[in-house]
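For reference, the structure discussed in these notes is given below.
The values are calculated or read from the model by the stated rules, or taken from the named source; none is laboratory data. What you see is a predicted model; the values in this text were computed from it and never measured. A quick note on method: Cβ atoms are made from the backbone with ideal geometry, for glycine too, and the neighbour counts reach across all protein chains shown.
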Amino acid sequence: MSTSNVVLHVADVHKRFGGLHALADIDLQVEEGQTHAIIGPNGAGKSTLLNVIIGKLAPSSGQVVFDGAILTGRKPFEINQLGIARVFQTPEIFADLSVLHNVMIPAFAKRDGAFTLNMLRSLDSETTIRQEAEHMLEDVGMLNRRDMHAGSLSRGDKRRMELAMCLIQHPRLLLLDEPTAGMSRHDTNTTIDLLKKIKSRGMTKVIIEHDMHVVFSLADKISVLAQGRIIADGTPDDVRGNPKVQEAYLGGTH
Ligand SMILES: Nc1ncnc2c1ncn2[C@@H]1O[C@H](COP(=O)(O)OP(=O)(O)OP(=O)(O)O)[C@@H](O)[C@H]1O
């Protein structure tokens, strides 16, 4: 099943915050089309690693390579333009705009390089982008909510809308930061099904997640972080039985 086509390579990355070694010796390879989960107890370094990948934080040493391009030193929007999209722990949305307009905006931004508020007036005349946004909303099961104010959506629906906002950019790599945080079990299962559907289209995903039901439902590969280091790396079965992983979780706060 492994095609060995590495699309993202985090190579020997270290990140220090003063005296704290938040990431040490991180070497991570994400293969094309796979769902790669990063798990670990609180404070293990998961968000720091994600922020290094998307250019929000500069590593103290090492580099991140995406599809042959070195990401280190590039700005987050440049990294986004290269084909990496991120779903945030707290969705970043325009609460006063409709769901449909929220999904159209990233497509605009991608096409024109930026989105400014005075472009809002021309949104309704953008038939092609509107149709694509409707298609994305249908995909995430939210077409019937397209005219609602985004701010009035439930938490689960906001996250689904944000997923549509990412998908309309047609990223090669989708980063998901706890995509089911705070969701009911029903919304969590709907999100798992949705992410499986995306996977069947071959999109590569890196997912940070605390919920092991989500991780084991979706991941092809799992890297386990503890105290800034990767302590285990492998298939879900490899990781599940690894005594070091069990120890890290028992010793942690989860
Ligand atoms: N900007 C910062 N300045 C100083 N220390 C930081 C900063 N960001 C994170 N840290 C520290 O780095 C370590 C790793 O934090 P990080 O948020 O990456 O962990 P995490 O695995 O994402 O945790 P959680 O599961 O709780 O979200 C922690 O000890 C944290 O306190």
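Miscellaneous remarks
- Flag if VAL215 is among the aliphatic types (A, V, I, L, M) and in a helix (DSSP H, G or I): yes
- Residue within region 148-155 that is under 23 Å from ASP193 (Cβ atoms) and not aliphatic (A, V, I, L, M) present: yes
- Residue-level check: of (1) in the same structural domain as ILE231 (by TED's automatic domain parsing); (2) closer than 30 Å to ASN118 by Cβ; (3) within 15 Å of the chain's Cα centre (by Cα); (4) surrounded by fewer than 20 Cβ atoms within 10 Å (Cβ to Cβ), SER47 misses just (2).
- Any hit, region 5-19, residues being without any contact (Cβ under 8 Å) to a residue 24 or more places away in the chain and of a type outside the set (Phe, Trp, Tyr): yes
- Reported count of residues in region 19-33, each being surrounded by 20 or more Cβ atoms within 10 Å (Cβ to Cβ) and not hydrophobic (A, V, I, L, M, F, W, C), is 0.
- If you go through region 182-217 and keep only what is surrounded by fewer than 19 Cβ atoms within 10 Å (Cβ to Cβ) and either within 14 Å of the ligand (Cβ to nearest atom) or not assigned by TED's automatic domain parsing to the domain that holds GLN29 (or both), you end up with GLY182, HIS210, ASP211, MET212.
- Taking residues in region 45-58 that are touching a residue at least 24 places away in the same chain (Cβ under 8 Å), and partners anywhere that are more than 10 Å from the ligand (Cβ to nearest atom) and part of a loop (DSSP other than H, G, I, E, B), the pairs with Cβ atoms closer than 7 Å and at least 6 places apart or on different chains are VAL52/PRO59; GLY55/LEU71; GLY55/ARG74; GLY55/LYS75.
- Strands (runs of 3 or more DSSP E) contained in region 1-117 and holding at least 2 residues among the charged types (D, E, K, R), within 14 Å of the ligand (Cβ to nearest atom) and at pLDDT 95 or above: 6-17
- Failed item in (1) under 14 Å from the mean Cα position of the chain (by Cα); (2) over 30 Å from ASP25 (Cβ atoms), with ARG201 passing the rest: (1)
- Considering only residues in region 232-253 that are surrounded by fewer than 21 Cβ atoms within 10 Å (Cβ to Cβ) and within 13 Å of the ligand (Cβ to nearest atom), the one that is modelled with the highest pLDDT turns out to be TYR249.
- Checking PRO179 against (1) closer than 21 Å to ARG201 by Cβ; (2) outside the structural domain of GLN34 (by TED's automatic domain parsing), the condition it does not meet: (2)
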